[in-house]
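Following: one structure in C-alpha cells, then a few remarks.
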Amino acid sequence: ALSEEEKTTLRAGLITNFNEPVNQIATQISVLIAKVARVDCPRQWPELIPTLLESVKVQDDLRQHRALLTFYHVTKTLASKRLAADRKLFYDLASGIYSFACSLWNHHTDMFLQQVCTGDEAAASNSLERTLLSLKVLRKLTVHGFVEPHWSVEVMGFLHAVFERLKQFLECSRSIRAENVCRDRLEKIIILFTKVLLDFLDQHPFSFTPLIQRSLEFAVSYVFTEAGEGIVFERFIVQCMNLIKMIVKNYAYKPSKNIEDSSPETLEAHKIKTAFFTYPTLMEICRRLVTLLTKEELMMWEEDPEGFTVEETGGDSWKYSLRPCSEVLFIDIFHEYNQTLTPVLLEMVRSLQGSTNVEDTSAILIKDAVYNAVGLAAYELFDSVDFDQWFKNQLLAELQVSHNRYKPIRRRVIWLIGQWISVKFKSDLRPMLYEAIRNLLQDQDLVVRIETATTLNCLPVDDFEFRTDQFLPYLESMFTLLFQLLQEVTQCDTKMHVLHVLSCVIERVNMQIRPYVGCLVQYLPLLWKQSEEHNMLRCAILTTLIHLVQVRGQNHINV
C-alpha cells in the first residue's frame, strides 16, 4: 500500500532524532523501528545501523539512551531471523559491529563502577541502565552472530571478561543498600551475565569448551563455598546451579562407549569435567545439596502447613526456587558420578539405622535430608539398596513413632516409599503399606496427611502388581479419611491435589467404590460453587465426576 518514496520518507523520519521523553512511548518507537528493520535492513535501509552507532556516542543523556534502546531492539529482532540468507546478513553485521559493542559495554560498565565508588547514585543509576542495554546487545551478537565463535578473539575475550565483571558487580552489590533504586537493576544485570553464559553453552557447546573449567570454578565457588556468603542471592544461586547442570548433562561432552567414535572436542570437554569433579569436590557439592529444612521452612510448616506443602511440591515460583533446583542438580550429578557417590550415600544411610531421639532436632533434620537424597536417587540405587528389607526392618517402625517432633521423619519416610514403590517394592508388602497409609491419614499433622495421600497417587493405574483384593480391606476407611482431608484443606492447590488422589482411588477399584461415594457426590456441587474463580479445580471436579459416572452409572448420579 506504500510507495517506495513514502517508505524512504518514513524510515528517515523514524531515525531523525532520539529525544522522546516518555519511556513507554520511546520503547514503542524502538520496537517499531525494529519491526521495520526486520523487513528492510540492511538492503533497503543501509543507513540504520551506522546512524544508531553514531547516536549512541553522543553526550546528550536522553538521546544516547534512546539510541541504545533502539540499538538493542533492532539487534534482538535481526537475531531472531532464521532463514539462511538472513543468518548470513546477521553474521556479517555482528562481525562488523562486535568490537564497537564491546567498547560501548566496557565504557558504561567502567563509568557505573566509578560512580558507585564516588557515591553518585543518580549518575550510577543512568550508567547502569546503559550497561544493561549494551550487555543485552552483546548477548544477542555473541550467541547468534557467529557460526564458530571460538575462532573470534573478541568473542572469547568478552566471555572471559564476563567472569571478572560478575565478580565486580557481586562485590558492588555488597555495598549497595537493599532499598537503593540501583539494587534491582544490579541484580538484573548479574542475572543477565549468567544468561549470556547459559545461552552460549546451549547454542555453542564446543565453543564453550575453553570456558568449562572457569565456569565450574566460578559457580562452585560462589554456591558451595564461603566465597558467596553475604553477596549472592537466590536467583543467582539458581542460575549458577543451572550452569553446572548444563555442563554435567551436556551430551556434546559425553564420549561414546567406543572411545574411537568420539570427536576430539568431546574428549577434551570430558577430560576437563573429569579433572574438575574430583572426589573431594563431589563430596562437598553433594553435602551441600543434601539440604536440611531451614528455620524458615519449619516455621512455615507450623504456621501455614498447606502453604508449605504447595511450596514443596512446586508452586508458582518453582522454576526459581532454590530447593527444587538443588534437588534437580543433585539427581543429575548423582546420575553422572553414581559410582563415586553411591557408597558415600549408603554409608550415610547405615549410620542412621534405628529411630532417632525425638529431642535431637538436628539429628532428625539430618535423617530427613539423607532420606530425601535416597528418594531422589532411587533409580540410581536400584541395585545397591534392598528396599524391601529396609522397609520391613526400619522404615515401617519409623512411621509408627507418633511424637510430634518426629513428624519430619514420618512425612519423609512415606514420601520415600512413594519414590521407591514404582522402582523396587514387592507386591506382598503392599498390605503392610496400606495399613501404614491408613494410620498416617489419621496423623495429627496436616502436612503428613497430605504427603500420605500423595503416596497413594504413586501407584499407577496400570500397575500390574496392584491387586484390588489387597486394597479392599482398607478401601472404606481410606476413602473416608481422604474425603475428610478434602473437606479440611482450604487452598485450591491442595483441594485439587486431594481430589486427584480420590479420583485415582475410584479409577483403581472401579465398581467396588459404589457403597462409599455418596458423601463425595453430595459434596462436589458445594465445592463447585466455592471454586467459581478456580478453573483448574473445576477441571479436577469434572474429572472426578466422569469417574463417578463410569462406576455408578448415569442414572445413579444427579449432576
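Would you mind stating whether TRP415 is in a helix (DSSP H, G or I), in contact with a helix residue (DSSP H, G or I) (Cβ under 6 Å, 6 or more places away or on another chain) and not small (Gly, Ala, Ser)? Lay out the reasoning, then the answer.
Details: in a helix (DSSP H, G or I): yes; in contact with a helix residue (DSSP H, G or I) (Cβ under 6 Å, 6 or more places away or on another chain): yes; not small (Gly, Ala, Ser): yes.
When the stated conditions are applied, TRP415 passes them.
On the basis of being in a loop (DSSP other than H, G, I, E, B) and either closer than 30 Å to MET496 by Cα or open to solvent by less than 30 Å² (accessible area, probe 1.4 Å) (or both), does GLN444 make the cut?
Values: in a loop (DSSP other than H, G, I, E, B): yes; either closer than 30 Å to MET496 by Cα or open to solvent by less than 30 Å² (accessible area, probe 1.4 Å) (or both): yes.
Here the answer is yes, as GLN444 does meet what is asked.
I need the full set of residues from region 379-389 which are part of a helix (DSSP H, G or I) and either touching a Cys at 6+ places or on another chain (Cβ under 7 Å) or free of Cβ contacts under 8 Å to residues at least 12 places away in the same chain (or both), in order please.
GLN389
What are the pairs with Cβ atoms under 7 angstrom where one residue, in region 490-517, is under 26 Å from GLU306 (Cβ atoms) and the other, located anywhere, is among the acidic types (Asp, Glu)? Sequence gap at least six, or different chains.
Short answer, once both residue conditions are applied: THR490/GLU306; GLN491/GLU306; THR494/GLU306; TYR516/GLU476.
Going by the structure shown, is MET496 out of contact with any Ser or Thr (no Cβ under 7 Å at 6 or more places or on another chain), open to solvent by 30 Å² or more (accessible area, probe 1.4 Å) and under 28 Å from CYS539 (Cβ atoms)?
For MET496, the condition - out of contact with any Ser or Thr (no Cβ under 7 Å at 6 or more places or on another chain), open to solvent by 30 Å² or more (accessible area, probe 1.4 Å) and under 28 Å from CYS539 (Cβ atoms) - is met.
Of the residues THR455, THR490, THR468, which single one is surrounded by 20 or more Cβ atoms within 10 Å (Cβ to Cβ), at pLDDT below 95 and on the phi < 0 side of the Ramachandran plot? Spell out how you get there, then give the answer.
Details: THR490 fails: surrounded by 20 or more Cβ atoms within 10 Å (Cβ to Cβ); THR468 fails: surrounded by 20 or more Cβ atoms within 10 Å (Cβ to Cβ).
So the residue among THR455, THR490, THR468 that is surrounded by 20 or more Cβ atoms within 10 Å (Cβ to Cβ), at pLDDT below 95 and on the phi < 0 side of the Ramachandran plot is THR455.
Among what's in region 75-122 and is modelled with pLDDT under 90 and of a type in the set (Gly, Ala, Ser), pick the residue that is most open to solvent (accessible area, probe 1.4 Å).
Taking the candidates together, the pick is ALA122.
Can you tell me how many residues in region 181-192 are surrounded by 15 or more Cβ atoms within 10 Å (Cβ to Cβ) and either more than 21 Å from the chain's Cα centre (by Cα) or farther than 16 Å from GLU129 by Cβ (or both)?
Number of matching residues: 3.
Any idea how many residues of region 148-162 are farther than 16 Å from LEU198 by Cα and in contact with a helix residue (DSSP H, G or I) (Cβ under 9 Å, 6 or more places away or on another chain)? Step through it out loud before you land on a result.
Filtering region 148-162 down to residues farther than 16 Å from LEU198 by Cα leaves 148, 151-154, 157.
Now drop any that are not in contact with a helix residue (DSSP H, G or I) (Cβ under 9 Å, 6 or more places away or on another chain), which leaves 152, 154, 157.
The qualifying residues number 3.
Determine the pairs where a residue that is over 23 Å from ALA67 (Cα atoms) and open to solvent by less than 10 Å² (accessible area, probe 1.4 Å), located within region 132-156, has a partner that is assigned to a helix (DSSP H, G or I) and basic (Lys, Arg) with Cβ atoms under 7 Å apart, the partner being 6 or more residues away or on another chain.
none
Somewhere in region 251-273, is a residue touching a Leu at 6+ places or on another chain (Cβ under 9 Å) and of a type in the set (S, T, N, Q)? Step through it out loud before you land on a result.
Here is the first cut: in region 251-273, the ones touching a Leu at 6+ places or on another chain (Cβ under 9 Å) are 255, 259, 272-273.
Among the residues that remain, those that are also of a type in the set (S, T, N, Q) are: none.
No, region 251-273 has no match at all.
Would you be able to say whether some residue in region 236-254 is part of a loop (DSSP other than H, G, I, E, B), basic (Lys, Arg) and surrounded by 12 or more Cβ atoms within 10 Å (Cβ to Cβ)?
So far as region 236-254 goes, yes, one or more of its residues are part of a loop (DSSP other than H, G, I, E, B), basic (Lys, Arg) and surrounded by 12 or more Cβ atoms within 10 Å (Cβ to Cβ).
Working only within region 169-180, note down all residues that are in contact (Cβ under 8 Å) with a residue 40 or more places away in the chain, surrounded by 14 or more Cβ atoms within 10 Å (Cβ to Cβ) and either assigned to a helix (DSSP H, G or I) or hydrophobic (A, V, I, L, M, F, W, C) (or both).
LEU170, CYS172, SER173, ILE176
Just one of ASN404, ASN393, ASN357 is more than 30 Å from GLU302 (Cα to Cα), open to solvent by 20 Å² or more (accessible area, probe 1.4 Å) and of a type in the set (S, T, N, Q); which is it? So that I can check it myself, show each step before the final result.
Numbers: ASN404 fails: more than 30 Å from GLU302 (Cα to Cα); ASN357 fails: more than 30 Å from GLU302 (Cα to Cα).
That would be ASN393, the only listed residue that is more than 30 Å from GLU302 (Cα to Cα), open to solvent by 20 Å² or more (accessible area, probe 1.4 Å) and of a type in the set (S, T, N, Q).
The values are calculated or read from the model by the stated rules, or taken from the named source; none is laboratory data. Owing to the predicted nature of the structure, the values given are computational and were not obtained by experimental measurement. No Cβ is skipped: glycine too gets one built from the backbone with ideal geometry, and neighbour counts run over all protein chains shown. Only protein heavy atoms, including side chains, enter the accessible area calculation; ligands, DNA and RNA are left aside. Shrake-Rupley method; radii C 1.70, N 1.55, O 1.52, S 1.80 Å.
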